Amino acid sequence: MNLSSSAFARSICLRLLMLAALATAGCATNPVTKKSELSWLSEQQEIKIGTQQYLQNQQSAGGKFILDPQLAAYVNEVGQKLVKVSDRPNLPFEFVVINDSVPNAWALPGGKLAVNRGLLTELKSEAELAAVLSHEIVHAAARHGASSMERGILLSTGAAIISVLASDNKHSDLIEFAAAGGAALIGLRFSREHELEADHYGIDYMVRAGYDPKAAVELQETFVRLSGDKSANWLAGMFATHPPSQERVEANRRMAATLPANLHRGEDVYQRKLAFLMHSKPAYAAHDEGRKSLAKDPAHALAQAERAIKLEPREAMFYALRGDALKKLGRTTEAEADYSEAIKRNGEYYAFYLNRGLTRQRQGNAAGAQADLERSNALLPTAAAHFVLGNLAQSANNAGKAIEHFRLAAASDSDIGKRAGASLARLDLPRNPGNYLRVNAVADGNGNLGLRVTNRSPFALRNVRVAGAVLKTDFHREYVLPGSLPAGKSAVVAMGVNLADFSGGLGRVSGQVRSADIAE
């Protein structure tokens with residue numbers, strides 16, 4: 001084996017670190033499939049993760065559908081009936097209906113499930129609803145979400161290790177790219193194997209609860225047909241996370257053929273329970289059309305919002321759409337009033353507070369904007385809310401609070417995140433220049449030492465002052481870079497000392513940022 005001593009040491013280190021990561025895991029029997037698998041998240045950790053993420057996931061998905069409490073109770077009733085015959089009936093399963101027209105359903109670890117309003121209107125019977133819910137129950141009961149997280153954590157650990165060990169490897173960029181690509185693949189919500197398992201055991205749960213297994217087959221057949229139509233709603237929802245396939249249809253058919261037939265289907269009861277939702281479907285269709293046209297044709301969006309409100313005046317999101325359209329048309333006072341109407345009808349959805357807060361901030365109502373944006377963040381933290389809260393804090397001469405908000409907003413990979421990053425740097429750089437400038441020692445071909453200063457801020461900097469020292473000697477000097485240092489660029493300042501003047505090499509040379517100013 002032709003390895004240098006340092007490369008050999010790195011390879012041993014990599015193996016030891018990966019083994020240490022694996023050592024935290026153990027083998028456990030899957031409660032549904034009964035297979036032995038790698039696992040380190042306990043049941044209590046699953047429940048905690050699901051509980052922590054459930055409300056925010058509901059918010060980001062569209063919020064709860066609250067106009068028909070009887071429908072929500074019905075979905076929960078069917079779900080709990082299936083939970084009782086599942087392999088983990090003691091998990092704290094919850095079921096909610098999400099107020100979104102995109103057909104979709106999802107499950108979090110620990111038994112936290114949701115089904116979209118838009119999927120319920122596509123189903124034809126209680127048995128089809130049971131097929132959807134039992135599929136999601138299996139995802140939770142069989143730890144599909146938890147195991148995906150475990151693999152993602154392990155790969156992230158491996159990627160971090162690889163990144164460190166590859167830092168002096170000429171192929172480090174390729175190594176890190178491969179690790180990142182693997183993380184993306186393993187991070188897919190549910191694998192093909194998980195989908196087949198959820199189908200198989202979901203049908204088993206259906207039969208245990210007394211539902212006709214053929215409904216699951218028919219539902220998958222419908223999904224395959226719709227996937228061929230390239231329907232935007234389906235592609236954005238159910239099919240993005242639960243891709244249908246003929247393979248799944250055939251597997252379901254084979255299983256259903258071995259099970260009792262003519263069990264409960266519940267077409268009539270389902271249609272009765274869905275009566276309000278089906279009656280209000282035209283109102284939501286008008287809203288969805290208006291939402292799609294908002295950016296390019298706010299007048300048309302306004303007309304569709306008016307139509308939706310006329311058809312169903314209790315729905316909060318219709319007033320929010322009208323507010324968005326009015327704001328686009330420059331009618332901000334009316335827009336604010338509509339956001340208030342939305343909040344009056346549903347005070348538990350973040351977007352209504354966010355949009356009213358942004359509108360109030362434009363109107364100069366700082367106190368009202370702050371209250372709304374803080375309430376919005378309590379429901380679902382967003383970069384937009386944190387960015388404006390940062391601006392409000394800065395205007396109030398509260399630099400510490402502004403930095404806190406800008407830092408949170410800057411974590412977003414968006415235009416607002418970039419703007420927040422610039423605002424953060426403008427405030428924080430004079431206080432902590434070392435966060436934005438990197439200094440490392442270098443030597444030229446003749447051994448003359450210098451300090452390479454790299455500007456990692458979004459601004460050109462001037463008056464950059466750095467200090468250089470040689471450890472265990474009396475050598476210590478400060479230097480000022482001439483001119484300005486552009487964003488993303490590096491410059492080297494000569495230290496006036498040579499490697500020959502001391503022993504130990506570059507490892508004994510240190511550099512530190514003292515101060516810097518933004519070049520206006």
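Structure values in brief
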quantity	calculated
Pair list, Cβ under 8 Å, 6 or more apart: segment 313-336 residue modelled with pLDDT under 95, other residue part of a loop (DSSP other than H, G, I, E, B) and of a type outside the set (D, E, K, R)	none
Some residue of segment 244-252 being modelled with pLDDT of 95 or more, over 20 Å from ALA127 (Cβ atoms) and outside the structural domain of ASN355 (by TED's automatic domain parsing)	no
Exclusive hit being part of a helix (DSSP H, G or I) and assigned by TED's automatic domain parsing to the domain that holds SER293, set GLU348, GLU334	GLU334
Among the candidates ALA420, ALA393, ALA411, ALA425, residue that is out of contact with any Phe, Trp or Tyr (no Cβ under 8 Å at 6 or more places or on another chain) and crowded, with 16+ Cβ neighbours inside 10 Å	ALA393
Scan of segment 294-322 for residues that are acidic (Asp, Glu) and assigned to a loop (DSSP other than H, G, I, E, B), ordered by number	ASP297, GLU312, GLU315
Scan of segment 318-370 for residues that are basic (Lys, Arg) and either more than 25 Å from the chain's Cα centre (by Cα) or over 30 Å from ASP68 (Cα atoms) (or both), ordered by number	ARG322, LYS327, LYS328, ARG331, LYS344, ARG345, ARG360, ARG362
Residue among ALA422, ALA494 that is farther than 30 Å from ALA378 by Cα and among the aliphatic types (A, V, I, L, M)	ALA494
Those residues of segment 239-284 which are under 32 Å from the mean Cα position of the chain (by Cα), surrounded by 13 or more Cβ atoms within 10 Å (Cβ to Cβ) and aliphatic (A, V, I, L, M), in sequence order	VAL249, LEU274, LEU277, ALA283
Leading residue by the ranking (farthest from GLY202 (Cα to Cα)) among those in segment 76-111 that are part of a helix (DSSP H, G or I) and among the polar types (S, T, N, Q)	ASN76
Criterion: over 26 Å from SER280 (Cα atoms), surrounded by 20 or more Cβ atoms within 10 Å (Cβ to Cβ) and either modelled with pLDDT of 95 or more or in contact with a Pro (Cβ under 7 Å, 6 or more places away or on another chain) (or both) - qualifying residue of ALA140, ALA131, ALA127	ALA140
Check on GLY266, at positive phi and either at pLDDT 95 or above or not charged (D, E, K, R) (or both)	yes
Strands (runs of 3 or more DSSP E) (entirely within segment 412-520) containing at least 1 residues that are out of contact with any Cys (no Cβ under 7 Å at 6 or more places or on another chain) and touching a residue at least 60 places away in the same chain (Cβ under 8 Å)	437-443, 448-455, 509-518
Failed condition for GLU77, given (1) touching a residue at least 24 places away in the same chain (Cβ under 8 Å); (2) closer than 20 Å to GLY266 by Cα	(1)
Which listed residue, of LEU119, LEU123, LEU91, LEU133, is in contact (Cβ under 8 Å) with a residue 40 or more places away in the chain and closer than 19 Å to GLU315 by Cβ	LEU119
Residues of segment 182-200 classified as closer than 22 Å to VAL78 by Cβ, assigned to a helix (DSSP H, G or I) and at pLDDT below 90, total	4
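The values are calculated or read from the model by the stated rules, or taken from the named source; none is laboratory data. Just so it is clear, the model here is predicted, and its values are computed rather than measured. Methodologically, a virtual Cβ is constructed for each residue, glycine included, from the backbone with ideal geometry; neighbour enumeration extends over all protein chains shown.
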